[in-house]
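Below you'll find the structure, written out as structure tokens, and then a few comments.
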Amino acid sequence: MSKRTVTIAAIAALACAAGTYYWAHGLGAFSRVSKAAQPAAASAALATTDKAAPVSAAPSLSKTTELGDRSASADAGTPLRPGEVLEFAADVAKLSNVANLRLQIVERRNFLGTNAWHLQAVAHTENPLRMVFELDDQFDSYSDAVTLSSLQYEMHLNERGQKQESIQRMRTTDAEHAASNATETRVAPGTRDPLGLMQYLRTVDWTKIHEVHGPVYDGHKLYDVSARLDGATQNITVPAGTFAASKIEVRVFDAGVELKDAHFALYLASNASRTPVLLEAVMPFATARVALVKMK
């Protein structure tokens with residue numbers, strides 16, 4: 001499998017945090033963590049808007065909002081709740097429960113003078129896959145409490161006994177500087193990381209706004225992402241129960257060109273929390289279903 005396909009698989013994380021990232025990274029690459037997968041040094045890791053063209057190729061619906069637009073989220077009435085824990089199971093092709101994922105909103109706190117959410121995803125492979133590819137990964141995001149734009153994105157990877165640590169401090173001006181243990185990554189204002197984007201999609205009032213788009217940095221590369229409402233509310237059955245849910249189609253663009261060999265859909269429950277209940281990912285090498293098992 002090509003490196004590009006693995007990268008595409010990683011973008012599934014932006015719809016359901018790190019769940020599909022970790023099993024796709026493991027199943028697809030089936031190789032050890034390499035230098036090619038590590039973030040560039042601060043002097044070279046400047047993800048700026050001129051590296052990712054706008055998503056003008058995406059068809060417009062009745063209402064489109066930039067991801068960085070504060071009007072697209074309502075902080076006072078946010079569905080996000082500190083302490084929330086969502087547990088998922090991933091099925092790949094005909095294999096059931098090959099991996100599990102825990103998404104947690106750890107807390108709402110001050111982060112470098114900014115009111116922020118601490119978001120976390122922890123992923124593990126399950127047997128029989130674990131016997132050939134042991135994987136235990138953790139992702140942490142510190143995201144602005146209102147816009148969910150990324151302040152710091154962390155990847156703590158442990159794959160087949162090989163560990164990799166990446167802490168990337170997002171900066172939008174030259175005046176900002178990262179801590180000694182973090183890589184400086186220059187991004188445009190409003191850029192989100194995968195965890196922040198997934199939670200942001202929960203804050204959108206999809207009855208009023210039918211499409212949002214903007215930059216997303218996945219820890220390696222800057223992409224443009226479009227998310228839009230796809231059809232009417234439908235009933236979705238997962239291990240956690242049956243939910244009336246809205247289907248959100250997620251499209252990924254690299255330098256203005258849509259990535260055609262991967263398709264993602266996120267289903268958000270029509271409850272007060274707009275709980276993510278299901279992610280479907282269709283890729284050349286497999287079809288995946290990441291379904292909600294338990295919520296706390």
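The values are calculated or read from the model by the stated rules, or taken from the named source; none is laboratory data. Note that this is a predicted model, so its numbers are computed, not measured. No Cβ is skipped: glycine too gets one built from the backbone with ideal geometry, and neighbour counts run over all protein chains shown.
On the given criteria, is residue 188 out of contact with any strand residue (DSSP E or B) (no Cβ under 7 Å at 6 or more places or on another chain) and surrounded by fewer than 21 Cβ atoms within 10 Å (Cβ to Cβ)? Taking the combined requirement at face value, the residue does not satisfy it.
Just to be sure, is residue 281 modelled with pLDDT under 90, on the phi < 0 side of the Ramachandran plot and surrounded by 21 or more Cβ atoms within 10 Å (Cβ to Cβ)? Considered against the rule, which asks whether it is modelled with pLDDT under 90, on the phi < 0 side of the Ramachandran plot and surrounded by 21 or more Cβ atoms within 10 Å (Cβ to Cβ), residue 281 comes out as yes. At least 1 residues being under 26 Å from residue 152 (Cβ atoms) and touching a residue at least 60 places away in the same chain (Cβ under 8 Å) is the threshold, and among the strands (runs of 3 or more DSSP E) wholly inside segment 192-255 those reaching it are 211-217, 222-229, 241-254.
Only one of 103, 148, 119, 157 is closer than 16 Å to residue 193 by Cβ, in contact with a strand residue (DSSP E or B) (Cβ under 7 Å, 6 or more places away or on another chain) and assigned to a loop (DSSP other than H, G, I, E, B); which? Step through it out loud before you land on a result.
Details: 103 fails: assigned to a loop (DSSP other than H, G, I, E, B); 119 fails: assigned to a loop (DSSP other than H, G, I, E, B); 157 fails: assigned to a loop (DSSP other than H, G, I, E, B).
One residue alone meets the criteria, 148.
For residue 59, the requirement of being more than 20 Å from the chain's Cα centre (by Cα) and modelled with pLDDT under 90 is met. Considering segment 118-135, the residues that are within 15 Å of residue 88 (Cα to Cα) and either surrounded by fewer than 19 Cβ atoms within 10 Å (Cβ to Cβ) or not hydroxyl-bearing (Ser, Thr, Tyr) (or both) include one that is modelled with the highest pLDDT, namely 120. Kindly indicate whether any position in segment 187-203 is touching a His at 6+ places or on another chain (Cβ under 7 Å) and of a type outside the set (Lys, Arg). No, segment 187-203 has no match at all.
Can you tell me which residue in segment 264-278 is surrounded by the fewest Cβ atoms within 10 Å (Cβ to Cβ), limited to those that are in a loop (DSSP other than H, G, I, E, B) and not hydroxyl-bearing (Ser, Thr, Tyr)?
First, the residues of segment 264-278 that are in a loop (DSSP other than H, G, I, E, B): 270-275.
Subset that is not hydroxyl-bearing (Ser, Thr, Tyr): 271-272, 274.
On the way: 271: 12, 272: 9, 274: 21.
My answer is 272.
The residue of segment 209-253 that is surrounded by the fewest Cβ atoms within 10 Å (Cβ to Cβ), among those that are touching a helix residue (DSSP H, G or I) at 6+ places or on another chain (Cβ under 9 Å) and charged (D, E, K, R), is 221. Of everything listed in (1) buried (at least 21 other Cβ atoms within 10 Å of the Cβ); (2) at pLDDT below 95, the single unmet condition for residue 158 is (1).
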